[in-house]
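Here's the structure we're looking at; comments come further down.
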Amino acid sequence: MKAMRSQMKVIMWIVAVAMVVGFGFIITGTGGNLGKSQSKLAQGIVGEVDGQSISLRQYQEIYRQNLQNYRQQSGGEPDEATAKQIENQTWQSLVEEMLLQQAYRKLGIKTFDEEVVSIIRNSPPQELRGNENLMTNGVFDIQKYHAFISHPQSMPWLLDYEIQIKKQLPLQKLRLQLVAGIRVTDQELKEAFIDKFDRVRASYIAIPLGAFYNPNQEISQDRIAGYYQEHRSEYQAPERANLEFVAFAHSPTEKDLQAVKDRIGEIYQEARTPGADFAELAMTYSEDPGTTEKGGDLGFFGRGQMIPEFEKVAFEMAPGKVSPPFQTQFGWHIVKVEEKKTEQGKPMVRARHILLRIKASEETLADLRIKSDIFNDAVKEQGFEKAAAEQGLEIVKTGFFPRGFYVPRLGSMPELVNFAFDESQGSVSPVLDNGQSYVVARILDRQKKGIKPLAEVEQLIRSKILMEMAKAEAQAMAQNLRSQIANPGELEKAAKAANAKLETTGEFSRADFLPNVGNQNEFFAAAFSLAPGTVSGPVATDQAVYIIRVDSHNPINQELFNQEAGKLEQELIQKKQNEAIQNWYQSLQNNANIRDYRVAGM
């Protein structure tokens, strides 16, 4: 019983996987000015979803859990950018959970104790089904499982499992509602079968568009303006903001770097003292939260599990030895090897370490904050450009960006996004912190949802016109080459005369990817429309113009269809179900009033 419990993990019920496939998304904040954000935070509210609050306490608790998970998985402390990413993942998960809970209430989805009990008793998680302690003659024994869940010592695991079921069961019910009635028609099944199993083999000559693309070719402004007018609908843009900012990077000074190096040297001398307790030193000095409470103990690890610099030191040392300080991307380390062994023919090391991170000191950060405050005050009196010039600071422009989490050149700064879209043009932000820099920003401009101005897309249009010109030249060359091919057997001769390479493919389907061709483009349409032994006219794609000869065609047959139809139908149903779920959630998110009151440094 004890051996089995030691293997237990928190079980995520299997239906969760089907529910959340494809649920990668970015929550778009919908407002709340900076002053309001600060006011809400003072009330312990970090955000709102359709008027329902997300508490700061809840946010911080989940963030700490996610941070600890990262430390356990990576074996180290996250850098500032990763820590910021963990913050935003925490926010996204809380918003997602709140949206789902609101949906459950609207749709009348409930979970009953009888359902949970039935699942616990009759649907053991897959991890337990493979546990040898619950098997009889190599087969999972439900009676042993019932005995296990009835044992008082199994109560902690059972409570975890119950919590997960109660969380995931509504997802399954929601999913069943969303996908009810989704079917695959006979025509859809036939088309999917043809796409996957109808196969041809071809030879071709490719004339790359790049050979005719001339970036220095002059294009008249009238032609660019005409293209813009004809394709205005392609340049739709959401509401966007444009900022300029000055950043005061949290960079350690030479003094900071030397201080860390000196400190790790002092700790090393202490660790070398006869009778020194390395574990106690790690608990006192190490800045690796994942191992500090365990006296720096990393447990056993094999090659490839640690970063190369760390691995090299650990595997070269003898048990009982303490390494001199060495530096990695995480900071300065001292390692003590406790023991070594061989497991399944592979060397393993158990080691402890002390980590001091390389970072800006509190003194340095305080100086940077003072400098950023001085600049912010100067801006109010002198203006942004003059204040920056007098203090020798670089002004950086973000360019236009839509509302979301991320600000170009600054990364994730939801509080700055709220400022950019809620304050008026010309407004200057207070000093903000994205974990990497103190930032002071000014709103240069804001554009309403609509067509991007010509000036913004002019270079893009110019490139498209140049590519159209290149394609026209490549098509003309291909047409001339095709006129020299009287029969399919002359394709090789034509390629040689044009100093072009004749390429051949293996068998491919409509759904495959071909090197130098791509996938699901005009090449595929032409190849599957030609009879074996025939040659196409010029076939243009975004990469090249091709002349194609189909060498063989392996058509589908009814016997193969009968064999594959059932499996293919299930794949199509799963795909349509996932699309329905994603579309539903996207609509739910787009129609929600989501407010993000977070500020950096929580």
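The values are calculated or read from the model by the stated rules, or taken from the named source; none is laboratory data. Nothing here was measured: the structure is a model prediction, and the numbers come from that model. Neighbour counts are summed over all protein chains in view; Cβ atoms, including those assigned to glycine, are modelled from backbone coordinates with ideal geometry.
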Based on this model, can you work out whether E61 counts as exposed (fewer than 14 other Cβ atoms within 10 Å of the Cβ), in a helix (DSSP H, G or I) and in contact with a Lys or Arg (Cβ under 8 Å, 6 or more places away or on another chain)? no
Among residues of the range 256-277 being β-branched (V, I, T) and part of a helix (DSSP H, G or I), the residue farthest from the chain's Cα centre (by Cα) is I267
Specify which of the listed residues (K84, K110, K190, K106) is basic (K, R), at pLDDT below 85 and not assigned by TED's automatic domain parsing to the domain that holds N434. K84
Looking only at the range 497-536, count every residue that is touching a strand residue (DSSP E or B) at 6+ places or on another chain (Cβ under 7 Å), assigned to a loop (DSSP other than H, G, I, E, B), small (G, A, S) and closer than 16 Å to F197 by Cβ and tell me the total. 1
From the option list I264, I219, I165, I205, single residue qualifying as surrounded by 13 or more Cβ atoms within 10 Å (Cβ to Cβ), within 30 Å of R510 (Cβ to Cβ) and not polar (S, T, N, Q) is I205
Answer with yes or no whether Q582 is surrounded by 15 or more Cβ atoms within 10 Å (Cβ to Cβ), outside the structural domain of K501 (by TED's automatic domain parsing), under 19 Å from A192 (Cβ atoms) and not aliphatic (A, V, I, L, M). no
Has the range 231-238 got at least one residue that is surrounded by fewer than 17 Cβ atoms within 10 Å (Cβ to Cβ), of a type outside the set (A, V, I, L, M), touching a strand residue (DSSP E or B) at 6+ places or on another chain (Cβ under 6 Å) and part of a loop (DSSP other than H, G, I, E, B)? yes
Check the range 177-191 and report whether any residue there is under 30 Å from I465 (Cα atoms) and exposed (fewer than 15 other Cβ atoms within 10 Å of the Cβ). no
Within the range 147-162, residues being of a type outside the set (D, E, K, R) and surrounded by 14 or more Cβ atoms within 10 Å (Cβ to Cβ) number 6
With the condition kept exactly as written, say whether any residue in the range 542-552 is surrounded by 13 or more Cβ atoms within 10 Å (Cβ to Cβ) and among the aromatic types (F, W, Y). yes
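Yes/no per residue for (1) loosely packed, with under 14 Cβ neighbours inside 10 Å; (2) at positive phi:
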site: G51; (1), (2): yes, yes
site: L56; (1), (2): no, no
site: N69; (1), (2): yes, no
site: Q73; (1), (2): yes, no
site: T90; (1), (2): no, no
site: E115; (1), (2): no, no
site: I120; (1), (2): no, no
site: P124; (1), (2): no, no
Scanning the range 391-417 for residues that are among the acidic types (D, E) and over 16 Å from L444 (Cβ atoms) gives E415
Consider G304 against the criteria (1) more than 31 Å from the chain's Cα centre (by Cα); (2) exposed (fewer than 14 other Cβ atoms within 10 Å of the Cβ): it satisfies all of them except one. Which criterion is unmet? (1)
Among helices (runs of 4 or more DSSP H) lying entirely in the range 72-169, which contain 3 or more residues that are of a type in the set (D, E, K, R), within 30 Å of I354 (Cα to Cα) and within 31 Å of the chain's Cα centre (by Cα)? 80-107
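Each row is one residue, and each column tells you yes or no for (1) of a type in the set (G, A, S); (2) assigned by TED's automatic domain parsing to the domain that holds I219; (3) in contact (Cβ under 8 Å) with a residue 24 or more places away in the chain; (4) closer than 30 Å to S220 by Cβ.
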| residue | (1), (2), (3), (4) |
| --- | --- |
| M467 | no, yes, yes, yes |
| L481 | no, yes, yes, no |
| Q484 | no, yes, no, no |
| N516 | no, yes, yes, no |
| F528 | no, yes, yes, no |
| Q543 | no, yes, yes, yes |
| F561 | no, no, yes, no |
Working only within the range 459-485, note down all residues that are surrounded by fewer than 16 Cβ atoms within 10 Å (Cβ to Cβ) and touching a helix residue (DSSP H, G or I) at 6+ places or on another chain (Cβ under 6 Å). Q484
State all residues of the range 486-501 that are buried (at least 17 other Cβ atoms within 10 Å of the Cβ) and within 27 Å of P555 (Cα to Cα); if no residue qualifies, say none. L491
Would you mind stating whether L514 is farther than 30 Å from G399 by Cβ, among the aliphatic types (A, V, I, L, M), under 31 Å from the mean Cα position of the chain (by Cα) and buried (at least 17 other Cβ atoms within 10 Å of the Cβ)? yes
In the range 396-422, residue modelled with the lowest pLDDT [restricted to those that are assigned to a helix (DSSP H, G or I) and among the hydrophobic types (A, V, I, L, M, F, W, C)]: V417
Identify, from the list T328, T284, T342, the residue that is within 34 Å of the chain's Cα centre (by Cα) and of a type in the set (V, I, T). T328
Restricting attention to the range 423-446, does a residue exist that is more than 29 Å from the chain's Cα centre (by Cα), assigned to a strand (DSSP E or B) and over 26 Å from L41 (Cβ atoms)? yes
Consider N499 carefully, then state whether it is of a type outside the set (D, E), free of Cβ contacts under 8 Å to residues at least 40 places away in the same chain and in the same structural domain as A478 (by TED's automatic domain parsing). yes
